[in-house]
Amino acid sequence: MSRLTLGNVVKVTAAVVFWPLLAYLVLVVGAVRKDVRTVLEGLVYAGAFSVAVFVLDGFWGLPALLALTAMGASGVRAWHLRDLWLPARRRWWKRDPVVTATVVEGARAPYAVAVEGAQDLSSTVARVRTVADLNRRRLPGDTHRTVQRICQVLDDVIAAERREPTGDPRFEYELDAMARRYLPAVLTHYLAIAPSRVQERQPDGRTPVEELTEQLRILAVQADALDASRHRRLTAELSTTGNFLREKYGHHQPEVVEHRGP
């Protein structure tokens with residue numbers, strides 16, 4: 001972005017030409033931009049300058065020092081507040097891609113976005129499973145099995161989301177955070193520790209092995225909770241649909257006519 005525009009050049013030129021009135025610049029900027037805080041700050045500089053020039057006698061000593069201080073402070077603050085009165089202009093070659101990207105994203109169907117997100121999550125979970133397999137000997141106890149179980153549960157939930165998105169932002173956030181952040185972070189942080197130090201006690205009294213085991217246990221519980229939440233939602237939606245159909249069409253069921261032979 002560049003501030004070299006015709007309007008900004010005119011403003012800077014005017015500030016230079018009328019530099020004796022520099023103490024009023026912040027006040028003018030605040031008034032034009034309707035910024036209350038800037039106006040109040042500008043009143044301080046303008047008031048000090050006015051007192052020095054119109055109230056105190058003499059052009060030297062304290063009046064001159066006060067006037068120059070007000071001018072200098074106002075000039076410095078005007079530069080700090082340059083975004084208010086010297087706005088930058090985005091380069092033309094940087095504008096169009098942003099607009100185009102916004103239009104394209106807005107035009108995409110929500111279902112397509114959900115499916116693509118689910119496919120990306122599946123790839124993320126697959127990478128976690130691969131890392132766990134490659135480092136199986138470094139994972140203590142049953143932690144490798146725990147990672148695999150978490151990945152399997154997440155895979156099942158992600159596949160179900162791909163078939164039928166819930167449309168619940170909170171559920172989607174929790175699933176995304178589990179697959180992209182929490183599970184990969186726990187595994188990566190543990191594997192970054194030297195094998196010779198995984199049994200060392202930390203300030204909290206736990207070893208890295210104990211931390212890994214505990215955190216994976218928490219993630220396993222959360223993965224099961226996500227799976228159960230989705231099943232409860234689907235069951236509730238099915239019951240809601242059934243109640244609607246029974247209320248709307250239940251009383252229109254045709255009567256069964258018994259056919260009697262001759």
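The values are calculated or read from the model by the stated rules, or taken from the named source; none is laboratory data. What you see is a predicted model, and the numbers here were worked out from it, not measured in a lab. Virtual Cβ from ideal backbone geometry, glycine too; neighbours counted across all protein chains shown.
In segment 154-167, the qualifying residues are those that are surrounded by 16 or more Cβ atoms within 10 Å (Cβ to Cβ) and of a type outside the set (Val, Ile, Thr), and the one that is nearest to Arg180 (Cα to Cα) is Leu154.
Results for (1) farther than 23 Å from Asp83 by Cβ; (2) surrounded by fewer than 14 Cβ atoms within 10 Å (Cβ to Cβ); (3) of a type in the set (Phe, Trp, Tyr); (4) in contact with a Lys or Arg (Cβ under 6 Å, 6 or more places away or on another chain), shown as yes or no for each residue.
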position	(1), (2), (3), (4)
Gly42	no, no, no, no
Ala52	yes, no, no, no
Val55	yes, yes, no, no
Thr69	yes, no, no, no
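The residues listed here are Arg230, Arg180, Arg246, Arg217; of these, the one that is touching a helix residue (DSSP H, G or I) at 6+ places or on another chain (Cβ under 8 Å), at pLDDT below 85 and not in a loop (DSSP other than H, G, I, E, B) is Arg230. Cβ separations smaller than 9 Å between residues 6+ apart or across chains give the following pairs from segment 58-75 residues that are on the phi > 0 side of the Ramachandran plot to residues that are at pLDDT below 85: Gly58/Ala64.
On the stretch given as segment 168-184, residues that are surrounded by 12 or more Cβ atoms within 10 Å (Cβ to Cβ) and either over 24 Å from Asp120 (Cβ atoms) or within 19 Å of the chain's Cα centre (by Cα) (or both) total 11. With respect to Val125, is the statement that it is in a helix (DSSP H, G or I), at pLDDT 80 or above and touching a Cys at 6+ places or on another chain (Cβ under 7 Å) true? Yes, satisfied.
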